[in-house]
Amino acid sequence: MSFLSLTNIAKSFGPRSILHNINLSLAEGEFVSIVGASASGKTTLVKIASGLIQPDSGTVTVGGQSVAGFVAEAGMVFQNYSLLPWLSALENVRLAVEPAFPQWTKAQHTAQAIKYLEMVGLGKAVRKTPAQLSGGMRQRVAIARAFAAEPRILFLDEPFGALDALTRATLQQELATLCGAAGRPVTTLMITNSVEEAILLSDRIHALGRGPGATLSPGFTVELSRPRSAGLLMHDTEAVSLRHRLAEFLTSGAIAPALVKEVA
C-alpha cells in the first residue's frame with residue numbers, strides 16, 4: 001500500500017520545463033532511489049516530494065493526506081551538510097530533536113542528540129563546530145540530525161556527492177545500518193547520480209530521463225539480499241544486469257519494456 005505518492009507532477013521554471021508527468025509511489029519502509037545526470041531535475045523532484053517547493057500541477061500525499069509545506073515527521077540530508085557553523089555538532093543535532101519532541105526536557109533532548117552522534121561515530125566530537133570537522137564528519141552530523149528526530153520519512157539529496165570515495169563508502173554502510181536499526185519503518189527517497197550507490201542501498205530504483213520535461217522510468221527492483229557490499233555487487237550477476245539496464249536508460253532516454261522489471 002502506498003505511503004508516499006506523487007501523482008502527475010509537473011514543474012517549470014520560467015519557460016523551461018523541468019519535470020513532466022511524474023508518478024511515483026513508495027510503500028511504508030521502502031527505500032527508493034532516483035538516479036539521473038546532473039541538472040536533470042532530481043533535486044527539484046525531491047524538494048517537491050518533501051514539500052519544500054510546490055509543483056505547478058499534480059499532488060503529493062503522505063498517508064493519504066495532501067502535503068502542504070514540509071512533510072511532517074520527515075528528515076532531510078543535503079549534499080552540502082546545511083549545518084549552522086556557530087553551533088557545535090551536539091547543538092546542530094539538538095535543533096532537530098527539540099521540535100520533534102517538544103514535551104521532552106532539555107536533558108532528554110541532549111541525550112537523544114548524543115545517542116545518534118555516537119551511532120555515527122562522533123561521540124568524542126559532540127562539542128566541535130563544523131569548522132573543526134572534516135567533510136565526512138560534517139555529513140555524519142547531518143545524518144545524525146535527521147535520524148535523531150526519529151522520522152517516518154527520510155529525504156536524501158545526493159547526501160554523499162561531495163565526499164571522497166572511501167568516506168562515501170563508509171557512510172553508505174552507516175546509512176544502511178541506521179535505516180535497518182530504526183525502531184519503526186523509515187520510508188526513504190534518495191536522489192543520486194551514482195548507479196552503484198542506488199543498487200547498494202535501494203529496494204527499487206527509478207531513472208530520471210534527460211530534460212527538458214524529464215520523466216521517470218518504470219521501477220527497477222533490486223532483488224539482492226542484504227547486507228550488501230560494493231565489492232560483492234561488482235561480481236553479482238543480478239547487480240551487473242541491473243547496472244547495464246539503468247545505464248541504457250540513462251544514456252538513451254528510453255529502454256525496451258522487456259528489459260525493465262516494472263513495479264505495479
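Structure notes:
- Candidate set from the stretch 52-77 (those that are within 23 Å of residue 143 (Cβ to Cβ) and in contact with a Phe, Trp or Tyr (Cβ under 9 Å, 6 or more places away or on another chain)); member that is surrounded by the fewest Cβ atoms within 10 Å (Cβ to Cβ): 52
- Single residue of 186, 126 found to be in contact (Cβ under 8 Å) with a residue 60 or more places away in the chain and in contact with a helix residue (DSSP H, G or I) (Cβ under 6 Å, 6 or more places away or on another chain): 186
- The listed residue being under 19 Å from residue 10 (Cα atoms) and in contact (Cβ under 8 Å) with a residue 24 or more places away in the chain, out of 49, 142, 96: 49
- Of the candidates 84, 90, the single residue that is in contact with a helix residue (DSSP H, G or I) (Cβ under 7 Å, 6 or more places away or on another chain), under 30 Å from residue 130 (Cβ atoms) and outside any helix (DSSP H, G or I) is 84.
- Residue list for the stretch 222-245, filter: outside any helix (DSSP H, G or I) and under 15 Å from residue 205 (Cα atoms): 222, 223, 224
Residues checked against (1) buried (at least 24 other Cβ atoms within 10 Å of the Cβ); (2) modelled with pLDDT under 95; (3) within 23 Å of residue 70 (Cβ to Cβ); (4) touching a strand residue (DSSP E or B) at 6+ places or on another chain (Cβ under 6 Å):
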{"site": "122", "(1), (2), (3), (4)": "no, yes, no, no"}
{"site": "127", "(1), (2), (3), (4)": "no, no, no, no"}
{"site": "134", "(1), (2), (3), (4)": "no, yes, no, no"}
{"site": "137", "(1), (2), (3), (4)": "no, yes, no, no"}
{"site": "144", "(1), (2), (3), (4)": "yes, yes, yes, no"}
{"site": "148", "(1), (2), (3), (4)": "yes, yes, yes, no"}
{"site": "151", "(1), (2), (3), (4)": "no, yes, yes, yes"}
{"site": "154", "(1), (2), (3), (4)": "yes, yes, yes, yes"}
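- Unique match (being closer than 25 Å to residue 187 by Cα and in contact (Cβ under 8 Å) with a residue 12 or more places away in the chain) among 55, 102: 55
- Looking only at the stretch 170-207, and only at residues there that are assigned to a helix (DSSP H, G or I) and β-branched (Val, Ile, Thr), the one that is modelled with the lowest pLDDT: 177
- Residue among 62, 35 that alone is under 17 Å from the mean Cα position of the chain (by Cα), among the β-branched types (Val, Ile, Thr) and more than 23 Å from residue 213 (Cβ to Cβ): 62
- Subset of the stretch 126-163 [among the polar types (S, T, N, Q) and in contact with a Gly (Cβ under 6 Å, 6 or more places away or on another chain)]: none
- Residues in the stretch 216-243 that are farther than 17 Å from residue 26 by Cα and of a type in the set (Ser, Thr, Tyr): 4 in all.
- Residue in the stretch 203-215 that is in contact (Cβ under 8 Å) with a residue 12 or more places away in the chain, crowded, with 24+ Cβ neighbours inside 10 Å and of a type in the set (D, E, K, R) present: no
- Identity of the residue in the stretch 165-194, under 21 Å from residue 39 (Cα atoms) and crowded, with 22+ Cβ neighbours inside 10 Å, that ends up nearest to the chain's Cα centre (by Cα): 190
- Residues in the stretch 1-19 that are crowded, with 20+ Cβ neighbours inside 10 Å and over 15 Å from the mean Cα position of the chain (by Cα): 6, 9, 11, 18, 19.
The values are calculated or read from the model by the stated rules, or taken from the named source; none is laboratory data. The model shown is predicted, which means the values in this text are computed figures rather than measured ones. Cβ atoms come from the backbone with ideal geometry, glycine included; neighbour counts cover every protein chain shown.
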